[in-house]
Structure formats: structure tokens, C-alpha cells
Amino acid sequence: IGVLKMFKQKTKSAFTLAEVLITLAIIGVVAAMTLPALINKTNNAENVVALKKSYEVLNQAYYKISAENGSIQNALSGISSDADSEGFANVFIPKLHVAKNCGVASAKDTGCFPDVTYKKLDGSNSANYTLNSTILTSDGMGYSFTLNNASCSRDFSYPSDPTSPLYKECGIVIVDINGPNKGPAQWGRDLFGFIVTQKGIYPRGAYPDQFGDCSTNGYNCSAKVLLESAINY
């Protein structure tokens, strides 16, 4: 009798098949609700690290170029046309760990930058950047170089301010931090910009408005992400 009683007690404490299935269903619903947010958070954290790395790499390249030539404008002095973005890229390439130099891609199928129309942060179309001079570095990041002024005398400050470090701009470097094979191909998510000037390289949005128009098109999110060490928009 005692054995039977113990058996009955153990039987009553077990879960039924219906209860197990209901529990699994609840776990599945919770996972479906939380996993996308967790994955997005993880991707954002990885992108922040990648952006910081790209900024450090560009800074190191810039100061090596300036030290060897006396200034960045001296390094660019051999470029005869403000349209020569490939010449601009070639000044930086020896200082970067380049896996592939795609140059200016007329056919667009080169593998350094994706042949897509990037999206702004608000979801509208931005541009295709494969027609700039592009490279792919050994860490899988894509860099796009655009020369705006070979003499580094363009005013990129808004409003115009001679005391601004952006007052003497040379060009723009755009970085696709996860390379040509991963999305979302969107400004402020995996695409960020830096401004090359006589005084250094600055993340877009750094001056005069710290965050610029990050909330709209994403062009000026670089400074916000670097300052806050987060993509929280």
C-alpha cells in the first residue's frame, strides 16, 4: 500500500503532455518576440566597434601621410583635378591594409562596395557609391573616397566659420563597416562618413551641430555613435 501511495504521488507531480506543449508554445512566443531585438542589439554593438576601428585606422593613416609630406595638402599637391577621387584614394592606400583596390568602378561589379542604392535613415533612397574610388580592407570593410578640393580649401562648415576645423576640407571618406556582402546598406547603420581637412579627419556631425541631421537621413550619425558608443536611434 505504501508503494502504491508513493507511485500515485509521483504520478500527480509530473507534467502532462498538454502542459509541456503549452509551455513550449509560450517559450516559442517569447523567443520570437525577444530574439529580433537581441540580434539587433548585438549587430549594433558590433557596428559601433567597427566604426571606432575604421576611425582609428583613418586617423593613423592621415597622420602618417601628414608626417611624411609635411601636411595633407602637400600629399595631395600632385593631384591636378578636384574630380580625381582615385588620386585621393591612392594617397591613403599605402597606409591601409588593402585587400582589393577597385578604383573607380565603371561596371560597378568589383566587390569593394555593394552595387546598391543605399538608404537614408528614414528609408528613402540615397545613392550608389561604387562610382567613387573604392577599396576593400583586410578586415572586410569597404572604403569610398571622394575628393572635393585638392588644395584642401573647401569650406565644409555650416554656417561658414573660418575657425572651424572643417573650414579647410579636402574630401570625404565613406565607410561601409560590414563590407559589400552584408546589409542593411543604410546610412547611420552600416554606412558612415568622415571629413578629411587640413587639420585632421572628423566624423560627420561633429561640428558645428554635434549630431547634425542624424535623425533624418543618417549622413551625420558618425559623431553621435562615436561619442555615445551606441546606435540608439
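The values are calculated or read from the model by the stated rules, or taken from the named source; none is laboratory data. Just so we're clear, the structure is a prediction, and the values are computed from it rather than from any experiment. Neighbour counts run over all protein chains shown; Cβ positions are idealised from the backbone, glycine included. These accessible areas exclude ligands, DNA and RNA; they are computed on the full protein's heavy atoms, side chains included. Shrake-Rupley method; radii C 1.70, N 1.55, O 1.52, S 1.80 Å.
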Under the Karplus relation 6.51 cos²θ - 1.76 cosθ + 1.60, θ = phi - 60°, what is the ordered set of whole-Hz ³J(HN,Hα) values for the stretch 51-62, x standing for Gly and Pro?
5, 4, 5, 5, 5, 5, 4, 5, 4, 4, 4, 4
Give the cross-link partners of LYS64 among the aspartates and glutamates, using a straight C-alpha distance below 17 Å as the criterion and excluding same-chain residues fewer than 8 apart.
GLU56
How big is D for the stretch 148-224, in µm² s⁻¹ as a whole number, if Stokes-Einstein is applied with the Kirkwood radius of its Cα pairs at 20 °C and 1.002 mPa s?
168
Regression test value, accessible area per residue of the stretch 74-191, probe 1.4 Å, units Å², expected 43
If you count, for each residue, the other Cβ atoms within 10 Å and average over each peptide, how do 60-67, 119-126 line up from highest to lowest?
60-67, 119-126
At GLU19 and SER81, where each label point lies 7 Å from the Cα along Cα→Cβ, what is the point-to-point distance in nanometres?
7.9
Computing the accessible area with a 1.4 Å probe over protein heavy atoms, can you report the carbon and sulfur percentage for the stretch 102-207?
49
Would you calculate the separation in nanometres between label points at ASN59 and SER71, each defined as 7 Å from the Cα along the Cα-to-beta-carbon direction?
2.3
Here the alpha-carbon Rg of the stretch 109-202 over 2.2 N^0.38 Å rounds to 1.15
Provide the packing ranking of 19-29, 158-168, 44-54, i.e. peptides ordered by the mean count of other C-beta atoms within 10 Å per residue, highest first.
44-54, 158-168, 19-29
